[in-house]
Each structure stands twice: as C-alpha cells, then as structure tokens.
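These notes concern the structure reproduced below.
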C-alpha cells in the first residue's frame with residue numbers, strides 16, 4: 001500500500017528539513033551572539049582573579065562580545081570544571097582548567113572524567129609558586145624551616161589554595177624529600193590564605209605569586225620558589241630543586257569548555273583566546289604575577305591533558321595520597 005502526499009506538503013517538509021540542517025551552521029556563524037560566562041574557580045581579589053579578568057576583557061574586545069567573569073572559589077579550584085559537566089556545549093560556559101583537574105581524580109571521587117568531559121580550548125599561561133612567611137618570622141630560610149620542623153614535627157603550619165593543588169602537593173613533596181612533617185591548612189584561594197598568614201593564623205603560605213606585593217612591600221619573606229629555574233623578579237631566591245630537594249612544580253593552565261562542542265565554535269574561541277596573548281594588558285598582568293606565556297592549541301592541549309593525567313597519577317601514588325581502591 002502506497003501513501004501519496006500533496007506536492008506542497010512534500011516541499012514544505014523538504015524546506016523544514018533543510019532549515020533544520022542549517023541551524024547548526026547559522027549558530028556557528030553567529031557565535032558569539034550573547035554574553036559568555038568564564039568561570040574563575042577562585043575567590044575575587046586573588047592573583048588568578050586578576051589574570052582571568054585581564055584575559056576575559058581582552059577576549060571580549062577581540063570577539064566584540066561580553067565575557068563575564070564569575071568567581072566560584074572553593075573545592076581546590078574544581079567548582080568551575082564541575083559546572084562544565086552539566087553545561088550546554090554551545091560555547092557560552094567556559095572555565096579556567098588548572099592542573100588540578102588531572103590530579104584530583106586520583107585522590108578522590110570527582111564529578112568528571114578529565115579525559116572525557118572537557119573540551120580543552122587552549123592553554124595560555126602558568127603559575128610561579130613559592131612559599132612565604134611573615135617578615136617578622138624567625139624562619140629566614142628553607143634551612144631554618146627544615147630545622148624547626150625536625151625539632152617540632154607537625155607543628156609548622158602552611159596554608160595553600162586547597163587540598164590537591166600544586167601549592168599543597170609541592171610542599172608535601174618537599175617535606176617528604178626533607179624527611180619532615182608539616183601541618184597543611186587549606187584555603188579557598190590566595191586572598192584568604194594571605195589574610196590568614198598576615199593575621200598570624202598560619203606560619204607560612206604556599207601559593208602562586210599573589211604574595212608578590214607583600215614580599216615587595218616588606219611584610220612577607222619569600223623562602224623559595226618551585227620552578228625549574230629562578231624567577232626573573234626574585235632572582236636572588238633559590239628554588240627547592242637547587243637547594244637539593246628534587247622538587248619542581250610548574251603548573252600551566254588554560255580555558256576549558258563542555259565536551260561535545262562544535263569544532264567551529266571551539267576554533268572561534270581558541271583563536272580569540274590565543275589573540276589575547278598579544279594584548280599588552282594581558283601580558284602586563286602576567287608580568288605582575290611572574291607568569292609566562294605557555295601556549296598550546298586545542299590539539300596539543302588535549303594531548304597535554306592525556307599525558308599529564310598519567311604523570312599526576314604517579315606523583316599522587318608516591319606521596320601516598322591516592323584514593324582507596
């Protein structure tokens with residue numbers, strides 16, 4: 001039994017189908033057409049917040065479209081990545097992705113699988129980390145810190161931006177190599193961690209260079225940095241590695257989006273954020289916090305994530321911080 005349709009109905013159905021097929025292409029060509037939310041998963045007022053706002057403002061100018069920074073501090077920088085899991089893959093919800101997204105799944109149950117649930121748009125820069133004490137502290141060097149910790153095991157306190165973050169694990173690795181035990185105090189971000197240090201609630205703070213202005217003002221003393229080489233701004237300060245503790249922590253970060261995003265939208269976002277790396281205002285924010293350009297395109301950033309997921313697993317196991325099987 002055959003069924004016949006009027007010619008007009010057939011034509012209308014065909015046109016409707018063509019229009020449906022055209023919708024994704026139209027969305028791509030019109031993107032972005034409304035404000036983009038870029039999540040900074042750290043509190044306002046810290047060093048990452050300042051850098052992310054510079055990047056967001058630059059990307060907004062490049063795309064001629066608003067980019068709204070939304071601060072979501074806490075959970076070791078994972079509240080932004082967590083939101084990407086349930087967001088639409090339309091390019092309007094983005095987040096900073098730190099190395100923590102590749103590390104924390106080895107330490108605890110997470111809401112995401114970093115190898116499946118994100119689109120790695122572009123890597124842009126990376127942190128310089130160090131440990132500081134108050135200027136009036138009797139701890140004047142890493143040697144003093146080690147001596148104090150050996151004399152009073154577990155009494156020397158250090159703050160960081162959260163459990164499993166690079167500022168936390170770098171100090172844990174150093175302590176393991178030095179044969180000492182320290183007491184870790186996690187905070188939501190740089191701003192509240194520094195307030196705790198300056199208020200005398202912790203003895204030291206391990207973090208990215210949000211402590212820089214305090215060091216330069218003479219209210220804090222920088223004991224060591226964690227990179228593979230000394231920083232340009234504090235070239236007289238040794239690294240943990242050169243002090244003999246075999247600890248190097250570099251921490252690139254970039255922009256992430258939900259999985260399944262249209263490649264054309266990913267490309268537009270990639271090109272815009274890559275262009276921010278030529279903006280003098282963005283580069284000035286990097287310089288202020290002793291960050292350098294660490295650019296990876298979408299393909300290379302995705303490969304970086306896969307490779308470093310395995311590297312982080314080994315580090316976590318060495319420190320004995322891996323989640324129970």
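Please sort 282-291, 119-128 by packing, taking for each peptide the average over its residues of neighbouring beta carbons within 10 angstrom, highest first.
Numbers: 282-291: 18.5, 119-128: 24.6.
Result, highest mean Cβ count within 10 Å first: 119-128, 282-291.
The order of the peptides 105-111, 69-75 by mean Cβ neighbours within 10 Å, most packed first, is 69-75, 105-111.
Take every DSSP beta bridge with both residues inside the chain and express the antiparallel ones as a percent of the total, to the nearest 5.
60
Of all DSSP beta bridges confined to region 129-245, the antiparallel ones make up roughly 55%. Helix content alone sets the calculated 222 nm mean residue ellipticity of the chain: runs of n ≥ 4 DSSP H residues at -39500 (n - 2.57) each, divided across all residues, give -13000 deg cm²/dmol. Looking at the square roots a ≥ b ≥ c of the eigenvalues of the Cα gyration tensor of region 264-325, which shape do they give, rounded for a/c under 1.5, prolate if a/b is larger than b/c, or oblate? It is oblate, given that a/c is not under 1.5 and a/b is not larger than b/c.
If R0 is taken as 25 Å, the Cβ-Cβ distance between residue 111 and residue 70 corresponds to a FRET efficiency of 0.90.
No value in this document is a laboratory result; all are computed from the given coordinates. Keep in mind that what you see is a predicted model, and the values were worked out from it rather than measured. Methodologically, a virtual Cβ is constructed for each residue, glycine included, from the backbone with ideal geometry; neighbour enumeration extends over all protein chains shown.
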